[in-house]
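The values are calculated or read from the model by the stated rules, or taken from the named source; none is laboratory data. Remember, predicted model here, so these are calculated numbers, not experimental data. Cβ sites come from the backbone with ideal geometry, for glycine too, and all protein chains shown count toward neighbours. What goes into the accessible areas is simple: the full protein's heavy atoms, side chains included, and nothing from ligands, DNA or RNA. Shrake-Rupley method; radii C 1.70, N 1.55, O 1.52, S 1.80 Å.
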Number of protein chains: 2
Amino acid sequence: MRPFVAELDELQNKILEMGGLVETAIHESIRGLAERSDAPISNIWRIEERINQLDIEVDGFALRMIALHQPVAKDLRFLTATLKMNSDLERMGDLAVNIAQRVLSLLGKPVVKPVVDIPEMSKIVESMVRRSLDALVQRDEAMARSVLLADDEVDDMKRAVYQDLMTMVEQGQANAGAAFDLIFIAHNLERIADHATNVAEDVLFMIKGVDIRHHHMA
Amino acid sequence: MRPFVAELDELQNKILEMGGLVETAIHESIRGLAERSDAPISNIWRIEERINQLDIEVDGFALRMIALHQPVAKDLRFLTATLKMNSDLERMGDLAVNIAQRVLSLLGKPVVKPVVDIPEMSKIVESMVRRSLDALVQRDEAMARSVLLADDEVDDMKRAVYQDLMTMVEQGQANAGAAFDLIFIAHNLERIADHATNVAEDVLFMIKGVDIRHHHMA
């Protein structure tokens, strides 16, 4: 049997691979939007397939480790956190695919530009995904907390996109279909940010052994 | 120490309580929509608070049981499934609150009626939530699979609501703000259905020990 610590590393690497793929999927979907081109999007489905495969691998791997090694305390918290992060990363992959589909739907419609720059919003979200996993690798509490803070900013941006585009549609200044698509893209980015926040919360729980969910805003 | 099997029961009961609260939260939000009244919605936030509290309890409970009893095979699969269902149920509670907020926003706007009856759509979703947990209690594979099938139906309904309302907005037959709100409500119902599907998949995994995610549509 391979050493437990080597297996923990392998598991963490799988999670990091998922995170990298999620980041790429978001980035390429939004690049398709910025460049009004379907070219960056062509790889999304292959990326999602790999994420889904890793999802199943990570679950099996973590469960087998729990059963075989019967870990306690920090190691057990790491393994159960892995199970949760895994679900979150898989959902982020789905959401990136949703974004890609909306971008494709947008390509045939008139250009609509909300005041909030959606590629800028995406940069923040991509950075949240990256930092939540950096926080995991480095067991860095401050970095995990920075993800929670960024989530509020993304919520505000989503609300601004919505208000702005709604007004444009109501005043007949924007194509309704294109506005809907953009609102959904902002909405899906915000959901990805929520999942990155879940990951950061799992990291905090893993480090501290205290559950901070439903409290961090209080 | 209490018997392991009594603790398993207690944990399952907490999950069932969460499921019941989620169902009520969806039902009351949509009743607010159907009756165009904020009265049914007034309890939603208290319900969500209780769901959030159970979320934390279930996580702590399941982790402690894994650490103390070091279960294997079916019991371990039950406990890890619990951790996942717990996350899904907590998200469903959030989504029900999102729906309630949209209903409140709708109350001040002109009435818009899509062809798909949203309260009917909600009934299907509520039934999915209920059946996913019945499948858990009864370890009933067929019932879990029926949830996966219903998910496709809900997806179709969501798409129909979207197409219908989009056309009405584009033809100037519906208030854009009200149409947006209804599309988001349908969208959130569909997301709740996705989470119920996750629960059903976890039940199948728990029963069979085989991961059927990303395969059931193939």
| What nm distances, shortest first, do you get from the label point of B:S37 to those in the other copies when the point sits 7 angstrom along Cα to Cβ? | 5.7
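So which of A:K208/B:K208; A:K158/A:K208; A:K14/B:K208; B:K14/B:K84; A:K113/B:K109; A:K113/B:K158 end up more than 23 Å apart by C-alpha?
Numbers: A:K208/B:K208 34 Å; A:K158/A:K208 31 Å; A:K14/B:K208 25 Å; B:K14/B:K84 14 Å; A:K113/B:K109 26 Å; A:K113/B:K158 26 Å.
Over 23 Å Cα-Cα: A:K208/B:K208; A:K158/A:K208; A:K14/B:K208; A:K113/B:K109; A:K113/B:K158.
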| message | Through the Karplus equation 6.51 cos²θ - 1.76 cosθ + 1.60, θ set to phi - 60°, convert the phi angles of the range A:71-83 into ³J(HN,Hα) values in whole Hz; use x for Gly and Pro. | response | x, 10, 6, 4, 5, 5, 4, 4, 5, 6, 4, 4, 4
| field | Residue mean of other protein chain beta carbons inside 10 Å, B:193-199 | value | 1
| request: Could you point to the residue in A:G108, A:M85, A:P71 farthest towards the positive end of the range A:70-184's charge dipole, with +1 and -1 charges on the Cβ of Lys/Arg and Asp/Glu respectively? | output: A:P71
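For A:D117 and B:I124, FRET efficiency with R0 = 22 Å and r from the beta-carbon atoms, rounded to 0.05? Intermediate results must be reported in sequence, preceding the final value.
On the way: r = 39 Å, r/R0 = 1.75.
So the FRET efficiency works out to roughly 0.05.
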| request: List the distances, in nm to one decimal, from the label point of B:G108 to the label points of the same position in every other copy, shortest first, placing each label point 7 Å from Cα along the Cα-to-Cβ direction. | output: 3.7
| request: Find, among the residues of chain B, the one whose Cβ sits nearest the axis of the rotation taking B to A; state the distance in whole Å. | output: B:Q70, 2
| query | Relative to the other copies, what are the label-point distances for A:Q53, with labels 7 Å from Cα along the C-beta vector, expressed in nm at one decimal and sorted shortest first? | reply | 4.6
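On average, how many beta carbons from a partner chain sit within 10 Å of the beta carbon of a residue in A:54-62? Don't skip to the end; give the middle numbers.
Numbers: counts 0, 3, 5, 1, 0, 5, 1, 0, 1.
Counting other chains' Cβ atoms within 10 Å and averaging over A:54-62 gives 2.
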| said: Can you compute 3J(HN,Hα) from phi for each residue in the range A:191-199, using the Karplus curve 6.51 cos²θ - 1.76 cosθ + 1.60 with θ = phi - 60°, rounded to whole Hz and x for Gly and Pro? | reply: 5, 4, 4, 4, 5, 4, 5, 4, 4
| note | Expressed per residue, the solvent accessible area of chain A in Å² (1.4 Å probe) is about 40
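Let me check against my output: what whole-number percent is the relative contact order of the range A:4-208, with C-alpha pairs under 8 Å and at least 6 apart? If you can, show how the numbers build up before the last one.
Details: 246 pairs, mean separation 59.1, N = 205.
Over the range A:4-208, the number comes to 29 percent.
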| Cut-off 17 Å, label 7 Å out along Cα→Cβ of A:N43, residues of the range A:1-34 by amide N | A:17-34
